[in-house]
Amino acid sequence: MRRVALVVGLLLCWAGEALATPPPAVASAHPRASAAAMEVMAQGGNAFDAAVTLTATLAVVEPYGSGIGGGGFWLLHRAADGHEVMLDGRETAPGAAYPDMYLDDSGELDRERSLQGGLAAAIPGTPAAMVHLAREYGALPLAESLAPAIRLARQGFQVDSQYRRMALFRVRALNADPEARRIFLRDRIPPPQGSLLRQPDLADSLERIAEHGLAGFYEGPVAEALVAGVRATGGIWTLDDLAGYRVVEREPVRGRMGDLRITAAAPPSAGGVGLVGFLQMLADDDWQALSRADRVHLTSEAMRRVYRDRAAWLGDPDFTEIPMDRLLSAEYARALRAEIDMAQATPSTELPVPVAGGEGRQTTHFSVVDGQGNRVAATLSINYPFGATTVPPGTGVLLNNEMDDFATALGEGNVYGLLGTEPNRIEPGKRPLSSMTPAFLEDECRTLIYGTPGGSRIVTMVMLGALGFLEATPLDELVAAPRYHHQYLPDEIQHEPGAFSRSTRADLQGRGHRLRNVNRRYGDMQALLWDHCEGRLHAASDPRGIGAARVAE
């Protein structure tokens, strides 16, 4: 019987010369960012330099998805010695933060305070991560890697349909902040498509980082302007909060299924733990023999349990004791699989979480590899589109609203419905739990470097991508495949239009599943597939977005 864990064995390459190194390649959510990364690698930069370029350039051209006022996770592989690490550049809660800071006088959650204005903003990690990448792993000076982004910020880029759509979504909130309105809107509405959007203040802030490193952002004039702007809009940042920020190097989450090797983001990301647990739950099933409805039922039930465990156990590992050995063990996964009834959905109410014991709708992702085989998968965010829609004057820095990714009220969902529980409660200096899941998958012949934005659905998109990898789905099809999602609560299978046939929908409903068509396609997966045996590298950018995938000639 062919099982999921053994599918990889059918894909092994027994003949042919392995490709020692790939050509430089990149897949990112914006063509200008992909072009800038290729430019830097052509000038002698490695994948880590290109990651700095991509991070900064996406901050300029995708202000709705990421920025130097936000944070992210950078998953690195250094070819020379096989060293792998996750750079945790996640934002941290200010020193004056406390668990009930978003409750009103009657004890009810005031969602606006955790989504808009200075009080919604955590201390940014992206600038520190760029400096760390360049200093510890790059081949070029930081200034050279930042040069394309500085140029684009100062000279401007053309507004596209994606920008207009996201700006229209947050237009009321953008209008509420004078600086955000001045920079990102024209006459209080999104600028016309094709018009030039310049950000000279952001260019100045990037130049200070290029010249002074950490001190260019976390100390001095930029830091002072950030704190003043945050506090003027109700926030609680201090100069000590900024000066005390540190990137953390963390051991990635690792797992194996037969010949498949999984390397993914570690907590405070929920993604790596979820991906390994999900795949191990399916490891003993005869995947090829299952019908479409059986597959969706089984994967949805596995997703349900992964997200239950997220709520029960996961948070910032520097503040929360996480039973990693248990959550990543094959024995635990088999026990969870044994609970799944193939004929009937398990109501989430029967899988309780000890409540008293998210991630951004847009976000962004890039994958990059250089000619030496170094590689980076990175997922970055400012949380909701355009973050807190607040720009401290003189900085050009759009603030994140990642504080909403904490458990702002126990037992209630965040803006994406993810349940707030004790391990993710607000504490000073703590990093909120995240869905961002940059990942590497490897078998004897192939390496997949991938990830996606998409809020609470990020982890399930990465899960479905892993199943496509196991089945040797062509990369263009893998990133474009229809998507569905279960996150424990709400107790429903969310899906893209056209994801299921009428008969599959009827079958799933007959097993007790509630289905909800989200009426839009979601995610923006960016992926590279290096086939060592065939000597080929494939790059793909999700057709749902406007990104670009490029492989050097």
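Nothing in this text is a laboratory measurement; each read-out follows from the coordinates by a stated rule. Just so it is clear, the model here is predicted, and its values are computed rather than measured. Don't worry about glycine lacking a Cβ; one is built from the backbone with ideal geometry, like all the others, and counts go over all protein chains shown.
Backbone phi angles across the range 422-438, fed through the Karplus curve with coefficients 6.51, -1.76 and 1.60 (θ = phi - 60°), yield HN-Hα couplings of 4, x, 10, 6, 5, 9, x, x, 7, 9, x, 4, 10, 8, 4, 9, x Hz in residue order; Gly and Pro are listed as x. Of Ser66, Thr263, Val248, which is farthest towards the positive pole of the chain's charge dipole, taken about the Cα centre with +1 and -1 on the beta-carbons of Lys, Arg and Asp, Glu respectively? Toward the positive end, the furthest listed residue is Ser66. Of the residues His212, His513, His486, the one with the fewest other Cβ atoms within 10 Å heads the list, and the complete ranking is His212, His513, His486. Each label was represented as a point 7 Å from its Cα along the Cα-to-Cβ direction; for Asn519 and Arg334 these points are 4.6 nm apart.
Roughly how many whole Å is it from the C-alpha centroid of the range 273-309 to that of the range 444-465? Distance between centres, Cα-based: 15 Å.
Extending 7 Å from Cα along the Cβ direction at Leu196 and again at Ala472 yields two label points whose distance is 5.1 nm. Packing here is the average count of other Cβ atoms within 10 Å per residue, and on that basis the peptides 120-126, 458-464, 514-520, highest first, run 120-126, 458-464, 514-520. In this structure, the amide hydrogen of Asp110, modeled 1.01 Å from its nitrogen in the peptide plane, lies closer than 5 angstrom to those of Leu103, Asp104, counting only residues at least 5 positions away or on a different chain. Along the range 499-516 the Karplus relation, 6.51 cos²θ - 1.76 cosθ + 1.60 evaluated at θ = phi - 60°, assigns HN-Hα couplings of 5, 10, 6, 4, 5, 5, 4, 5, 4, 5, 5, x, 8, x, 7, 9, 9, 9 Hz to successive residues, with x for each Gly and Pro.
Among 497-508, 51-62, 140-151, the peptide with the highest mean count of other Cβ atoms within 10 Å heads the list, and the full ranking is 51-62, 140-151, 497-508. Positive-end ranking of Ile322, Ala215, Ala302 along the dipole of the range 213-358, with charges on Cβ about the Cα centre, is headed by Ala302.
Taking amide H positions as modeled 1.01 Å from N, with prolines and chain starts lacking one, the residues under 5 Å from Ala388 and 5 or more places away or on another chain are Leu399, Asn400, Asn401.
Projecting the Cα positions of Ala176, Phe278, His132 onto the charge dipole of the chain (unit charges on Cβ atoms of Lys, Arg, Asp and Glu, taken about the Cα centre) puts Ala176 furthest along the positive direction. Return, ordered by residue number, the residues of the range 472-510 whose backbone nitrogen is under 20 Å from a label point located 7 Å along Cα→Cβ of Gln344. Output list for this probe position: 488, 491-493, 506-510.
Here Cα extents along the principal axes in Å was calculated from the structure, and among [x] 65, 63, 43; [y] 81, 61, 49; [z] 65, 55, 55 it sits at label [x]. Treating r as the C-beta distance of Ala215 and Ala176 and R0 as 35 Å, the FRET efficiency rounds to 0.65. Put simply, the amide H of Thr92, placed in the peptide plane, has neighbours under 5 Å in Ile123, leaving out anything fewer than 5 places away on its chain.
Taken about its Cα centre, the chain carries a charge dipole of roughly 1480 debye when the Cβ of each Lys and Arg holds +1 and the Cβ of each Asp and Glu holds -1.
For Leu185, neighbours were defined as the other residues whose beta-carbon sits under 13 Å from its Cβ, and their charges (Lys and Arg +1, Asp and Glu -1) total +4. Karplus-derived 3J(HN,Hα) values for the range 109-122, using 6.51 cos²θ - 1.76 cosθ + 1.60 with θ = phi - 60°, are 5, 9, 4, 4, 5, 8, 10, 9, x, x, 5, 7, 8, 8 Hz; glycine and proline are entered as x. Between Asp110 and Asp284, the contour length at 0.36 nm per residue exceeds the Cα-Cα span by 58.1 nm.
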